[in-house]
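No value in this document is a laboratory result; all are computed from the given coordinates. Predicted model only: the values in this text are computed from it and were never measured. Cβ placement follows ideal geometry from the backbone for every residue including glycine, while neighbour counts extend to all protein chains displayed.
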Amino acid sequence: MESHRSSVTDKAIGRIEAAEWLDRPAFQLANALALPQRLAGTPGKRARNALHGTWFGHPVHPMFVTIPIGTWTLALGLDTLEALGAKHSRDYGRAADLAVQAGAAGAVAAAATGLMDWQQTHGRSRRVGLVHALVNSTALGFQLTSIALRRRGRRREGHLASAAAWGVMFVGAYLGGHLVYRRRQGVDQADRSVEPRDFVPVLPVAELKDGQPRKAEVWDAVERAHIPVALVRQGGRIFAMGARCSHMGGPLDEGWLLKGGLVCPWHGSRYDLETGQPLDGPSTCPQPLYDVRVRNGIIEIRRQQEPGAEAVTSEDIEWAAQVEQPTSADTPLGRKADEVLFEHHELLRSMFRRIEDMSPDDPQRRDLMRTLASELEIHEHIEDEIFYPAVRPVSEDIPVAYAEHQQLADLLAATLKLPTSSPEFEEYLRALHKAVDHHASSEEHSMFIEAQRLGERRLRELGHELETMLEEQRTSRFQRAFRELKISLMAQAGREA
Ligand code: FES
Ligand SMILES: [Fe+2]
Ligand SMILES: [Fe+2]
C-alpha cells in the first residue's frame, strides 16, 4: 500500500493559512491602500479597474509577474557566464544588469496589480496573499540591492544578491500558484450551467418591481443543483443574469442598480445588464446571461449558450433529425448502431467473467486476456471513429466518453504488463472490469438513448458501418498483426521492468 501524508509544502502553507495574527496587519494595510483610492474619486476607480484587468477579461497580475520571472532568470544565467569568465563576459555582465533592472520595473507593476486584487480577498487567502507579497517584496529588495552593488562595481556581491532574489521569487511564485489553483482566487466563480436550454417560467411579471433585483431559480438535472438567477426590471425591460458573482460568488440578486449596471453587494463589481460584462472591478469576467420573454403574465428565461459550450439544444436535435443522410436504396440495413455496440459490450463482459473464473495458473488465461485486450481495442476504435462523431450533435456525453476510453487504454496497458498468476493482476483485472462496466453502462443508459434522436434509419446505417469495420478489424491481416504487435510490446515492457 502506498502511504499518503500531506506534503511538506502543504504543511507549511497550512501554517500560514491558520495564522490569524496576520489578520490585523492585513486589515490595516488594506485600509491604508483603500484611502487614497477613495480620495481620488472617479480617476481612482478607473485606475483600480485598470489594475484589476476589468477591461481585459482576466486579472492582469499574472501577466506582469512573467516579466521579473523571465528577466531575472535570464540574469541568473548571464551572471553565471560572467562569473565563470566566459568569452565576452563583460557583455554578459552588461546584459545581466539590464535584465535585473527590467525585472525590477516589472516587479513593481506586478506588485501594484497584485495588491489591488489582494484587497478583496478574505480569510486564509488573504493571509497567504500577504505572505506572498512580503516574500516577493523581499526578492525585489535583493534585486534593488544588487543594482546598487553592480553600479559600485561590486559585481560578485551583486551576483549573490540576484541569486538570492531568484530563490526567494521561486517561493513567492509557489504561494501565488497556491492562491489560484487551490484557493481559486481570480478564477471564474459564476454558475456556467447550460440550463435551461428552452424557456422555462420563473416568476409572474407582476411580482418584479422596477429597479428591485429578485432571485429566481432554475433546476439543472445533471448537476443536481438549483442555479440562482438575478431578474431585473428597468426602464420597461426585463433582464436576467447568473446570480452568483463571477468574482467570488456574491449574491447579485441582493445587489442594487447603479448607472445602468447591477452591483454586487460583496466587493462592488458592477455588471452591464445587457451584455453581462463587468463595468467596474474587481471582477474581470462577464456574468452568464439569459434570454427573457413574457408569456401570459409569466416571465420565462432561457440560458444564452456560450460559444463552444457542450450544450445540445432542442434546435440542435431538430436539425440533426432533419439532416438524415439520403441513402441509396441498396444500402443493406441491419441492426441499429446501439444494438451492435450493446452486443459487443456483452461479449466483453462475458470475457471478463471467464478470465476471473479461471484459476490463476491456467495457461489459457494469458491468451484469453490478450483476446479481451484486442476486442476492447477494437471496440474503442469503432466507437471513436464512427459512433461518437455521429452522435456528437445530439449527446453531451461524448467528451467524457473519449476521456474514459483513454483511461481504459491506460488501465489495460498496466494490466497486460502483469503476470496473469500474480495477485496484482487480480487487482488490476477487477479495476479494469469495473472501469469497462462503468463506461459501457453509462453509454447504455444515456448516450444510446440520446442517439435515438438521430432517427431509426440513420442508426441502422451507422450499425452497418460499425459491423463492417468490426469485421475488417478482426479479419484484416495487417490490422491484426499491428494490434498483436502492440499488445505483445505492452506485455513485454512489463516483464522487463
Ligand atoms: S463577489 Fe466580489 S464583487 Fe461580487
Ligand atoms: Fe465507449
Ligand atoms: Fe461502448
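Once amide H atoms are placed 1.01 Å from N in the peptide plane, what residues at a sequence separation of 5 or more from Asp191, or on another chain, have their amide H within under 5 Å of its amide H?
Excluding prolines and chain starts, which carry no amide H, the hits are Arg244.
Name the residues whose placed amide hydrogens come within less than 5 Å of the amide hydrogen of Ile227, ignoring near sequence neighbours (fewer than 5 apart) on the same chain.
Under 5 Å from the amide H of Ile227 lie the amide H atoms of Val218, Trp219, Asp220, each far enough along the sequence or on another chain.
Tell me the label-point distance for the pair Ser7, Ala435, using the 7 Å Cα-to-Cβ offset, in nm and rounded to one decimal.
2.3
What relative contact order, as a whole-number percentage, does the chain give when Cα pairs under 8 Å and 6 or more residues apart are counted?
11
Quick one: Val135, Val229, fewest Cβ neighbours within 10 Å first, how do they rank?
Lowest to highest Cβ neighbour count: Val135, Val229.
Within 10 Å of each residue's Cβ, count the other Cβ atoms and sort Thr415, Thr66 from fewest upward.
Arranged by neighbour count, lowest to highest, Thr415, Thr66 become Thr66, Thr415.
How far apart, in nanometres, would the label points at Trp219 and Leu485 be if each is projected 7 angstrom from Cα along the Cα-to-Cβ direction?
It is 5.6 nm.
Extent of the stretch 1-145 along each principal axis, from alpha carbon coordinates, in Å, largest to smallest?
58, 53, 30
Under the 0.36 nm per residue contour assumption, what length would be gained going from the current alpha-carbon distance of Ala32 and Leu144 to full extension?
Extra length from Ala32 to Leu144 when fully extended: 37.9 nm.
Using a Förster distance of 51 angstrom, determine the FRET efficiency expected from the C-beta separation of His122 and Glu346, and round it to 0.05.
So, using R0 = 51 Å, E works out to roughly 0.40.
Can you give the translational diffusion coefficient of the chain in µm²/s, computed by Stokes-Einstein from the Kirkwood radius over Cα pairs at 4 °C and 1.567 mPa s?
46
With runs of 4+ DSSP H residues as the only contributors, calculate the mean residue ellipticity of the chain at 222 nm using -39,500 (n - 2.57) per run, divided by the residue total and rounded to the nearest 500.
-19000 deg cm²/dmol
FRET efficiency for Glu456 and Arg184, Cβ-Cβ distance as r, R0 = 35 Å, nearest 0.05?
The computed FRET efficiency comes out at 0.15.
Stretch Arg151-Glu339 to full length: gain in nm at 0.36 nm per residue minus the Cα-Cα span?
The Arg151-Glu339 span can extend by a further 59.8 nm.
Kirkwood hydrodynamic radius for the stretch 200-303: how many Å is it when counted over pairs of different Cα atoms?
Answer for the stretch 200-303: a Kirkwood hydrodynamic radius of 13.5 Å.
Looking only at the stretch 415-436, which residues have a backbone nitrogen under 17 Å from a spot 7 Å from the Cα of Arg354 in the C-beta direction?
433
Pulled fully out, how much extra length does the chain show between Glu472 and Ala309, if you take 0.36 nm times their separation in residues and subtract their Cα-Cα distance?
Using 0.36 nm per residue and subtracting the Cα-Cα distance, I get 55.1 nm.
Work out from phi, with θ = phi - 60° and the Karplus expression 6.51 cos²θ - 1.76 cosθ + 1.60, the ³J(HN,Hα) of each residue of the stretch 234-245, listed in order in whole Hz, and give x for Gly and Pro.
8, x, x, 10, 10, 10, 9, 9, x, 8, 8, 4
In nm, give the distance between the simple-model label positions of Leu368 and Lys259, each being 7 Å from the Cα along the Cα-to-Cβ direction.
7.5
Run the count for the chain, please: Lys pairs, Cα-Cα under 21 angstrom, 8 or more apart or on different chains.
Qualifying lysine pairs in the chain: 5.
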